[in-house]
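Here is the structure we will look at.
The values are calculated or read from the model by the stated rules, or taken from the named source; none is laboratory data. These figures come from a predicted structure and were not determined experimentally. No Cβ is skipped: glycine too gets one built from the backbone with ideal geometry, and neighbour counts run over all protein chains shown.
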Amino acid sequence: MSDSDFGDFEFERKFFVPELPAVAAADPTPNLIVQAYLFAADGYAVRIRVQRRAPEDLSVGIDAVLAQPHDESIGTMTAKGPAVGGTRYEAERQLDPLVAAEIVRRADHVVAKVRYSVWLGEDGWVLDRFLDANAPLVLAEVERGGPVVDLTIPAFCVSEVSEDDRFRNEFLAFHPFGAWADAYRGELAAQGPRFLDSLGDNRFEC
């Protein structure tokens, strides 16, 4: 959620990444994020999220991880509106993490991912490695306190998906990436990469 003077709005841009880049290793303590979507339609969504430090072993399964209380867990409930030009309404409120975890465990539409945070140039970036049915999806996001303009885009970002609804977490909760990954890669190969040209000058790393 944005902490700027713009109130309950977030300003971010999102990019498809073919595989987790080596720079992710710069974050020694990535977070596990598991979120359930109680409602999602026409760009509007209500989300319950649990976030905690990612365990080294995820082979036990996400449900088993959530069942284990963790002192550093954070629970939130968020209402979102449709995104326009890299801007989206987002109102977030704190929840008891134990309550949030139990809601997520009982939900039908869940997204789980490991989030790595890195600083690149002028911006802080997050790299999300999706798990379970959304594997092997990797997305990179950059967020600012105002519109994300004149952005330096890292070389590992092969195409921008800021306005592609298929890459919103609420869509992925209902339509996991694993089921349409090959189709998207074919689409990308045929049409080439895309980047927003309405947010200032895009600068590309070599």
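Please verify whether ARG185 is free of Cβ contacts under 8 Å to residues at least 60 places away in the same chain, out of contact with any strand residue (DSSP E or B) (no Cβ under 6 Å at 6 or more places or on another chain), among the basic types (Lys, Arg) and farther than 22 Å from PRO82 by Cα, treating the condition exactly as stated.
On the way: free of Cβ contacts under 8 Å to residues at least 60 places away in the same chain: yes; out of contact with any strand residue (DSSP E or B) (no Cβ under 6 Å at 6 or more places or on another chain): yes; among the basic types (Lys, Arg): yes; farther than 22 Å from PRO82 by Cα: yes.
Here the answer is yes, as ARG185 does meet what is asked.
Find the residue count for region 7-38, including only residues that are surrounded by fewer than 18 Cβ atoms within 10 Å (Cβ to Cβ) and among the hydroxyl-bearing types (Ser, Thr, Tyr).
1
Inspect all residues belonging to region 57-80 and state whether any of them is within 25 Å of ASP165 (Cβ to Cβ), surrounded by 20 or more Cβ atoms within 10 Å (Cβ to Cβ) and not acidic (Asp, Glu). Don't jump to the end; show me each part of the working.
Initially, region 57-80 is screened for residues within 25 Å of ASP165 (Cβ to Cβ), giving 62, 76-80.
From what's left, surrounded by 20 or more Cβ atoms within 10 Å (Cβ to Cβ): 80.
Right, trim to not acidic (Asp, Glu) and you get 80.
Yes - at least one qualifying residue is present in region 57-80.
Output the helices (runs of 4 or more DSSP H) that fall wholly within region 97-206 and possess 1 or more residues being of a type in the set (Val, Ile, Thr) and surrounded by 16 or more Cβ atoms within 10 Å (Cβ to Cβ), or say none.
Working: elements: 97-106, 169-174, 181-191.
Those helices (runs of 4 or more DSSP H) span 97-106.
In region 50-67, what residues are within 18 Å of the chain's Cα centre (by Cα) and either within 12 Å of HIS109 (Cα to Cα) or assigned to a helix (DSSP H, G or I) (or both)?
Initial filter on region 50-67 (within 18 Å of the chain's Cα centre (by Cα)): 50-54, 62.
Result: ILE62, single match.
For region 99-114, state whether one or more residues are at pLDDT 95 or above, within 29 Å of PHE204 (Cβ to Cβ) and touching a Pro at 6+ places or on another chain (Cβ under 8 Å).
Checked against the condition, which is being at pLDDT 95 or above, within 29 Å of PHE204 (Cβ to Cβ) and touching a Pro at 6+ places or on another chain (Cβ under 8 Å), region 99-114 yields at least one hit.
Here is a list of conditions, (1) modelled with pLDDT of 95 or more; (2) outside any loop (DSSP other than H, G, I, E, B), and PHE11 meets all of them except one; can you say which number that is?
(1)
Hey, does region 18-38 have a residue that's part of a strand (DSSP E or B), among the charged types (D, E, K, R) and touching a residue at least 24 places away in the same chain (Cβ under 8 Å)? It would help to see each step written out before you state the result.
Looking only at region 18-38, we keep the residues that are part of a strand (DSSP E or B), and these are 31-38.
Those left that are additionally among the charged types (D, E, K, R): none.
No: zero hits.
Just to be sure I understand the filter: pairs with C-beta atoms under 7 Å, separated by 6 or more residues or on different chains, first member in region 73-97 and charged (D, E, K, R), second member modelled with pLDDT under 90 and not in a strand (DSSP E or B). Which pairs pass?
Hits for this filter: GLU90/MET1; GLU90/ASP8; GLU92/MET1.
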